[in-house]
Amino acid sequence: MNGWMRILDRYVIREVLWPLAIGLLIFTFMLIIPYLIEYAESFISKGVPAAVVLRVMATLLPSSLALTVPMSLLLGLLVAFGRLSADREFVALQACGVSLLRLMRPVALLSVLAWAATSYILLVAVPDANQRFREITFGIVADRAEGEVRPRVFFEDFPDVVLYVREVSAAGGGWSDVFMADSRPGQTPAVYLARRGRVVIDRGGRTVEMVLENGARHTADAAGKYEVFRFDRLLLSLNPDSVFPRAGPPLGAREMSIPQLRARASELEQQGIYPHSELFEIQKKFSIPFACLVFGLIGLALGASNRRDGKLASFVIGLGVIFVYYVVLWFGQSLVRGHVMPPWLGAWSPNLVLGALGVLLFLRRDRGFDAPLTLTLPRLPRLAASVSIPPLRLPMLGILDRYVATLYARVAALAAAAMAGIFYISTFLDLSDKVFRGQATWEMLSTYFWFATPQYIYYILPLSVLLGSLVTVGLLTKNSELVVMKACGISLYRIALPMVVGAVAAGGVLWLLDASILGPSNRRAEAIRYVIRGGSPETFDVLHRQWVTGTRGEIYHYDYYDPRTERLSGLSVYEFGDTMRVLRRRTFAELATHAAAAQPGANDRWTLERGWARELAPDGQTQTFTPFERSEARLEPAAYFDTQQPDERFMSYAQLRTYTAGLQASGFDVSAQLVALERKLSFPFVTIVMTLLAVPFAVTTGRRGAMYGIGVGIVLALAYWVAISVFAALGTGGVMTPLLAAWAPNLLFGAGAGYLLLTVRT
């Protein structure tokens with residue numbers, strides 16, 4: 001009997017481990033995708049060694065695993081027990097006298113192991129990995145600061161210095177045609193024009209120097225005295241604190257260990273400040289690992305039944321429980337901040353609430369696997385399964401097409417809902433702390449979610465289509481339905497037709513998103529996120545954009561623009577000769593008013609008040625100086641100052657094509673823009689490529705179950721995203737043509753799909 005019990009333990013653990021591993025892979029992959037795009041692609045394009053890029057990605061894993069280990073444990077229990085319920089194995093266990101308490105032994109073992117792993121991650125790995133991530137990225141930025149300057153984009157990361165360059169060498173050799181406005185305190189404001197420039201950073205000596213070659217410095221004082229100093233080579237020492245903080249990259253609460261948090265809390269208490277955030281963070285490092293034990297209890301209580309909902313429905317239940325856990329945790333944190341609840345209670349409240357619920361469910365379920373529950377969560381999968389798109393009454397859609405399409409749509413929708421939940425939960429965890437600290441409002445956070453949703457859909461849709469195809473064909477294979485269909489003379493190609501149609505529709509949605517709302521939504525979301533994290537809205541707000549380039553190459557600087565009255569205050573205009581190295585004309589006005597309101601049709605006419613205009617010779621000497629109280633000038637139309645600066649991340653295909661064509665006609669290097677342009681065309685085809693790859697894959701692996709198909713899908717998606725980042729970086733660096741760099745992932749995976757389709761038994 002004891003031997004049989006040990007076999008039962010091993011059997012239950014084996015059933016849980018596979019979906020737990022798949023869940024860990026899914027959740028961690030979804031959290032890593034944005035960082036993979038943001039960091040890996042950027043670092044590769046700048047020539048950062050692959051080993052360093054892998055180290056950066058590795059340091060991101062612990063912070064993700066701290067969230068995904070408890071989530072994956074709950075998912076693994078629910079999916080495993082959902083499979084046992086669907087296959088009626090719980091009936092056999094009950095008939096053999098196996099109680100729910102007996103099943104607690106293997107579940108408790110897994111929960112304790114997950115608790116230990118999460119405790120180690122939060123207490124040791126996360127502080128160390130987060131700090132190493134900041135140090136590695138800090139070192140990369142410090143060593144390659146000149147690569148952070150983007151061509152034809154104003155760079156304002158150095159304090160009191162604004163850079164604008166026409167060209168940036170992909171090999172790291174510096175910049176060409178440099179414009180620099182220097183307004184450092186204690187010095188006369190100056191404008192530097194140079195043929196070439198670069199930044200030299202000495203980490204050992206903590207120095208930052210700007211090196212300008214073959215240029216001139218223009219200065220003007222309040223009395224109107226104007227001086228031009230020409231140079232062959234000039235070194236300017238910048239404030240090193242912008243690159244080298246006094247103590248290295250500052251530690252945040254998540255980077256701190258418990259002793260550091262306690263020391264910080266003691267310092268705040270000595271200053272008369274209650275350290276609620278630090279004390280809450282200390283308690284959270286213990287409460288989140290304990291959630292593994294709570295999730296183990298809930299997973300067993302909800303999973304051990306005679307339901308026939310199946311494994312995929314467990315995604316909904318698991319995400320619901322996880323969502324409730326973090327909602328209670330966030331609510332507790334807000335009460336702690338408001339001094340309504342002590343930090344320990346705020347951090348442990350979700351464990352207390354869900355733990356009590358788990359005990360009640362366990363006691364109720366222990367009376368019998370068929371005991372009814374009053375919770376509505378287990379009924380949600382049935383409700384979701386009953387909701388479907390009305391069948392399309394088209395002549396080419398038969399019963400088989402509708403059957404396959406319905407199964408495919410349900411799986412894809414469930415996968416999309418699960419991944420969307422992961423995105424929203426992880427983002428909320430990342431940004432909600434700023435709300436609790438008073439740095440942002442709930443309205444700002446909800447607005448961010450609204451504008452970030454199109455980007456989430458852009459990430460989620462290809463993976464949902466891939467998982468939908470893999471799981472659908474896998475289920476048809478496992479249930480021998482595919483064999484019956486083939487026996488009736490229906491080929492695999494014909495069976496896969498509804499899934500291919502779904503993939504084409506999904507690709508169309510991706511294209512429409514990119515062509516319409518994706519760019520503007522990303523810009524708004526990025527601006528809101530920047531402000532939530534403590535940045536100034538001036539970087540994104542058109543009312544305070546301050547630096548603008550004109551269509552004729554001139555540069556505008558202003559203190560404020562009011563789009564309602566169409567007025568610019570503190571306007572300076574820099575007009576150049578054939579190259580940016582020669583300043584031809586410089587104009588200043590305290591106020592500039594658009595003349596179109598009084599003179600319809602005069603889009604480029606402005607009235608300047610209280611200023612001066614200075615004509616300069618090629619050698620920099622003043623030819624004419626004209627002060628004025630009121631003058632007329634032709635500048636850019638008012639609408640030009642009310643638009644955003646061009647950035648390929650925030651542009652549609654048509655906008656980026658027009659922008660790239662203009663740059664190319666001016667002789668600029670547009671490799672990065674061409675890669676981005678081609679990617680906007682190639683990416684929507686990923687849904688079709690992944691579907692064609694998934695169908696033969698699922699046929700060969702379908703007997704192993706739906707969860708195996710999900711695992712294969714995640715691996716394929718991860719490989720595809722890595723290929724996208726690597727080839728895009730190679731195209732940006734000039735190693736291959738932009739067209740090939742953008743389409744290479746589709747070509748490689750499409751070739752693999754073609755080979756599998758031609759060799760699989762149809």
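Some notes on this structure:
- Cross-chain or 6+ apart pairs with Cβ under 6 Å, the range 545-560 first and under 15 Å from Thr593 (Cα atoms) and outside the structural domain of Phe179 (by TED's automatic domain parsing), then modelled with pLDDT under 85 and β-branched (Val, Ile, Thr): Tyr556/Val548
Rundown of residues vs (1) over 27 Å from Gly754 (Cβ atoms); (2) modelled with pLDDT of 85 or more; (3) out of contact with any Gly (no Cβ under 6 Å at 6 or more places or on another chain), yes/no style:
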site	(1), (2), (3)
Gly438	yes, no, yes
Leu467	no, no, no
Leu476	no, no, yes
Asn479	yes, no, yes
Gly489	no, no, yes
Val504	no, yes, yes
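- In the range 89-197, counting only helices (runs of 4 or more DSSP H) that sit wholly within it, the ones holding 1 or more residues that are touching an Asp or Glu at 6+ places or on another chain (Cβ under 7 Å) and either closer than 30 Å to Leu297 by Cα or at pLDDT 85 or above (or both) span 100-120, 126-143.
- Conditions (1) among the β-branched types (Val, Ile, Thr); (2) farther than 27 Å from Tyr720 by Cβ; (3) surrounded by 16 or more Cβ atoms within 10 Å (Cβ to Cβ); number of the one not met by Thr441: (3)
- Annotation: of all residues in the range 229-269 being among the polar types (S, T, N, Q) and at pLDDT 75 or above, the one that is surrounded by the most Cβ atoms within 10 Å (Cβ to Cβ) is Ser257.
- Check on Lys478, of a type in the set (D, E, K, R), under 30 Å from Thr68 (Cβ atoms), in contact (Cβ under 8 Å) with a residue 60 or more places away in the chain and not assigned by TED's automatic domain parsing to the domain that holds Ala694: no
- Counting only strands (runs of 3 or more DSSP E) wholly contained in the range 536-621, the ones carrying 1 or more residues that are at pLDDT 85 or above occupy 555-557, 567-576, 583-594, 605-616.
- Scanning the range 398-421 for residues that are surrounded by fewer than 18 Cβ atoms within 10 Å (Cβ to Cβ) and either aromatic (Phe, Trp, Tyr) or part of a helix (DSSP H, G or I) (or both) returns Ile399, Leu400, Arg402, Tyr403, Thr406, Ala409, Ala413, Ala417.
- Matching option when the condition is modelled with pLDDT of 85 or more, part of a helix (DSSP H, G or I) and touching a helix residue (DSSP H, G or I) at 6+ places or on another chain (Cβ under 9 Å), among Leu73, Leu78: Leu73
- Counting the residues of the range 270-300 that are at pLDDT below 80 and part of a helix (DSSP H, G or I) gives 2.
- In the range 478-530, the residues that are crowded, with 18+ Cβ neighbours inside 10 Å, small (Gly, Ala, Ser) and in a helix (DSSP H, G or I): Gly502, Ala503, Ala506, Gly507, Gly519, Ser521, Ala525, Ala527
- Verdict on Tyr448 being modelled with pLDDT of 75 or more, under 19 Å from Val327 (Cβ atoms) and in contact with a Leu (Cβ under 8 Å, 6 or more places away or on another chain): yes
The values are calculated or read from the model by the stated rules, or taken from the named source; none is laboratory data. Keep in mind the model is a prediction, meaning the values are calculated, not measured. Neighbour counts are summed over all protein chains in view; Cβ atoms, including those assigned to glycine, are modelled from backbone coordinates with ideal geometry.
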